[in-house]
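What follows is a set of notes on a single structure, which appears directly below.
The values are calculated or read from the model by the stated rules, or taken from the named source; none is laboratory data. Bear in mind the structure is a predicted one, so any value in this text is a computation, not a measurement. Don't worry about glycine lacking a Cβ; one is built from the backbone with ideal geometry, like all the others, and counts go over all protein chains shown. Ligands, DNA and RNA are excluded from the accessible area calculation, which covers all protein heavy atoms including side chains. Shrake-Rupley method; radii C 1.70, N 1.55, O 1.52, S 1.80 Å.
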Amino acid sequence: MFKHILSKLPKKSSKSSKNQEVHGAFTPVIDNSISSKSSDIGSKKLGNPINTSLATLYSASNIGQNQVDKLSVGASSKLNGTSVATYEALPSFRDVPGSQKENLFIRKLKMCCVVFDFSDATKNLKEKEIKRQTLLELVDYITTVNGKFVETVMEEAIKMVSANIFRSFTTQPCENKVLGAYDLEEEEPLMDPAWPHLQIVYEFLLRFVASPETDAKSAKKYIDHFFVLNLLDLFDSEDPREREYLKTILHRVYGKFMVHRPFIRKSMNNIFYTFIFETEKHNGIAELLDILGSIINGFALPLKEEHKLFLVRALIPLHEPRCLAMYYQQLSYCISQFVEKDCKLSDGVIRGLLKYWPVTNSSKEVMFLSELEEVLEATQLPEFQRCMMPLFRQIARCLNSLHFQVCEGGGGSELLHGARMYVDQFGEDEVIILIETVVVTQGRFGDGIVGAVKLVAERALFLWNNDHIYNLIQQNRDVILPIIFPALERNARGHWNQTVHSSTLNVRKIFFDLDPELFKECMLKFQEDEIKEEEVKARREATWRQLEGIAWKKAVTNEAVLLPL
């Protein structure tokens, strides 16, 4: 029996050697002289160790095809705590004939499906370097190849990409993240320790999608809805380098695979809805809006009803979350693109801004005023007239705002001077309320005072510097001036900031020069209203004094008087 078993051992070894010759699975050991590239990789961890189940699935599904599959299974098993066979480099593309390059390319793709654990920087150093060099070879090959990719190559390429980039993240609790959104400059983003490999995989995917050798009709079977959804999920990564790659790749996918465009837009909408109405936490909103800015720019006219609904249901409600500053520029660009495409949308956009207008957040209020100026610049007279009354009621409230936003740059002396003036005029209690609403960014000074003052009222007065908005106001001054005149008059009588005071006087002079009669009528109306307010105030105070006198007369003891309901 033992002789029978031993007689089979040479035959098994010979068969294995023959299979290696047939399939070309020569795997020489990589030279130790290979040096790793330097990179700007952050040392912080993005999330859990990369999930190896997908790589194991891809490797195990092809067991027996060639030696590379055996290596993949071996390496995956090592990640799960068992011993590893060998993970060795395949020959270079330069060392094989042209007829065998495609086969070698597929084998290298399967080899790179193995996912290593980067949470421990000392593990699998040799194997990680072999994989990194192999990935670089794949990127170089896909850039220089001539001839359309066959479906087998596409399938293996997407399998390799999916095995490496699709993974789950460990994120901070929602409430901590939202509260931390105000101090964006203080927190450093978490960097994925696997980025030396991930970056090359993303570069491979980008070049694969952009390559003229990738046929969209064939590739859509593998870059399908499931792949796109997983790609969108990755936008929640805290690593900004990864989100930048994802933004470029998704934009290329949207441009190349026209069949996926409606699905991509719908999926992005769902992300926005979840962010607005449920979590208020997502790291990739700015990047998604960046992509949408380019998509909106390419919309054909007249706009479809689907696109108008997207503006009303997703873009405008994005002004509500407290972390608006994280994506304000991208959102403002998308809104302005819609209004430029169809000026009739400006009325709905302005009313949407008024609906979500901040009450106590001066930082957001300054952003709203900046966006409002961009929208008004593209607004025509009919749309302006439909919304000008509620709009200038809000602008009047902004003109009388005493709050400010501390901005980066500038000196602390101006802020100190303004605060002293504010204390002299309104008292310390009002200063405490004011400071509680201040949003502080970078730019600290030795005395602990930060940056220059950016006033809400000053930003509202800037609207008169825009020629188009000035013309709209001029043509409708008979409606607008009576609304804002009380606010202008109160500022002119004594706003705490000298810049706002002087700018208010300039705006008053503009209206006086345009229509002196209307200005005088508004002045008389304001004076009459003041007299009425004083009378109401005097009556109210007299009533309170009368009630206090009655209560004092009826009080027998020092105990509180309980009035019957």
According to a simple spin-label model (label point 7 Å from Cα along Cα-to-Cβ), what is the distance in nm between Asp236 and Phe169?
0.8 nm
One finds, for Gln498 and Leu125 with R0 = 51 angstrom and r their Cβ-Cβ distance, a FRET efficiency to the nearest 0.05 of 0.20
Accessible surface of Asp140 in the full protein assembly, 1.4 angstrom probe, to the nearest 10 Å²?
90 Å²
For the range 177-326, what is the number of Lys pairs with C-alpha distance below 20 angstrom, counting only pairs 8 or more positions apart or on separate chains?
14
For Glu535, tell me the accessible area in Å² from a 1.4 Å probe, rounded to the nearest 10.
100 Å²
Ranked highest first by average number of other Cβ atoms within 10 Å, how do 218-224, 360-366 line up?
360-366, 218-224
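What ranking of Leu301, Leu190, Leu138 comes out by heavy-atom accessible area, probe 1.4 Å, highest first?
Numbers: Leu301 110, Leu190 45, Leu138 0 Å².
Descending order: Leu301, Leu190, Leu138.
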Label point distance in nm, Arg351-Ile510, each placed 7 Å from Cα along Cα→Cβ
2.7 nm
Which sequence of Glu548, Glu278, Glu371 reflects their accessible areas, 1.4 Å probe, from the largest down?
Glu278, Glu548, Glu371
Given H placed 1.01 Å from N in the peptide plane, which residues other than close sequence neighbours of Leu455 have an amide H under 5 Å from its amide H?
Gln405
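Using heavy-atom solvent-accessible surface (probe 1.4 Å) with all chains present, what is the largest-first order of Lys553, Lys123?
Working: Lys553 175, Lys123 75 Å².
Reading off the accessible areas and sorting them downward yields Lys553, Lys123.
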Using only protein heavy atoms and a 1.4 Å probe, report how much of Trp544 is accessible, in Å² to the nearest 10.
150 Å²
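Using per-residue counts of other Cβ atoms within 10 Å, averaged over each peptide, order 504-511, 124-131 from highest down. Numbers along the way, then the final one.
Numbers: 504-511: 16.1, 124-131: 18.9.
Ranked from most to least packed, the peptides come out as 124-131, 504-511.
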Work out, step by step, the length gained on full extension between Gln546 and Leu229: first 0.36 nm times the residue separation, then minus their alpha carbon distance; give nm to one decimal.
107.1 nm
Evaluate the distance, in nm, between pseudo-label points positioned 7 Å from the Cα of Ala300 and of Gln385 along their respective Cα→Cβ axes.
3.4 nm
